[in-house]
1. Rounded to the nearest percent, how much of the accessible area of the range 1-50 (1.4 Å probe, protein heavy atoms only) is carbon and sulfur?
2. What ratio of Cα Rg to 2.2 N^0.38 Å holds for the chain?
3. Check cross-link reach from residue 113 to the aspartates and glutamates: straight Cα distance under 19 Å, and skip same-chain residues fewer than eight apart.
4. What net charge is computed for the residues neighbouring residue 96, neighbours being all others with C-beta under 12 Å from the C-beta of residue 96, Lys and Arg scored +1, Asp and Glu -1?
5. Treating only the Cβ of Lys, Arg, Asp and Glu as charged (+1, +1, -1, -1), what charge dipole size does the range 1-100 show about its Cα centre? Round to the nearest 20 debye.
6. Short version: ³J(HN,Hα) in whole Hz for each residue of the range 134-144, in order, from phi by Karplus 6.51 cos²θ - 1.76 cosθ + 1.60 (θ = phi - 60°), x for Gly and Pro, what are they?
7. Given just the C-alpha atoms of the range 43-148, how large is their convex hull per residue in cubic angstrom?
8. How much accessible area per residue does the range 1-150 have, counting only protein heavy atoms and a probe of 1.4 Å, in square angstrom?
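The values are calculated or read from the model by the stated rules, or taken from the named source; none is laboratory data. No experiment lies behind these values; they were computed from the predicted model shown. Note that we place each Cβ from the backbone using ideal geometry, even for glycine, and neighbour counts take in every protein chain shown. Surface accessibility is based on the protein's heavy atoms, side chains included, excluding ligands, DNA and RNA. Shrake-Rupley method; radii C 1.70, N 1.55, O 1.52, S 1.80 Å.
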Amino acid sequence: MQVVIDSLCAAIPGHEFSPACLQVLHQGRFANAVVYLYQDAQYCLVIKDFSSRHWLVRKTIGRLSVNQEYKTISQLKHIDGITPDCYRLSDCSIAYQHIAGQTLSHFAKNGDKLEPAFFYQLENTIKAMHDNGRVHLDLRNMGNILVDENGNPALIDFQSSIQWRRFPQWLQKFMRYADITGAYKAWDRYGTTPLPAHKKRFLTRYNKTRKLWVFKGYPIHRMQVRLQGLAANVMALDIVRNLMDKF
């Protein structure tokens, strides 16, 4: 934990960060970041840190994930519903302002529903993200959409986010539609009113097209999965584990 505190002090000079204010939210598996929450009178930060992982994970998955998330948040932080502050602590760790609230999947566990205004606002946030050149690519996962303390939508977890304009037009549309149908899927499941008919038709058409998608995952996400698989296979070798123990 002291490594995290030292990184915070270096990234945000002039503030005294205390280890007593740092807690582990998720330990994660060997190829995932340790996720911390730092909270004192001035800062409330989520920290994703790969520094305790083996060098193979740090140098591949860790760098890739941190780089993607930092670039994306830095580019989008002016948009309502996206965390406004982001700090790169190292090549394999990042911190950003915590958004208080619940994931949409957790919010709905008790049968709670949301008004149409929530989903229209969510659409506007997604469109603003697209207008700034980025796609999220994992918004069909209801754990990446938050209901904040004011009842407004927020987006989290940008590790798979990429710039969409570099791709062919048909793929640009497919990726943007993946994001917007995440909002439609959420409305269909958790709205107080039915999903409007034209949005329902769009969602249905997209779902049918998505089933025909011959590539599993998206470029960045697919690379992460492959790297995780490679890391898992390599780390499973006794000789590699013995070598790692010496580092």
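1. The value for the range 1-50 is 53 percent carbon and sulfur by accessible area.
2. Scaled against compact globular proteins, the figure is 1.08.
3. Within the straight-line cut-off, residue 113 pairs with 123, 148, 149, 188.
4. 0
5. Dipole about the Cα centre, nearest 20: 500 debye.
6. 10, 10, 7, 6, 9, 8, 6, 8, 5, x, 9
7. 121
8. With the other protein chains kept in place, the range 1-150 gives 47 Å² per residue.
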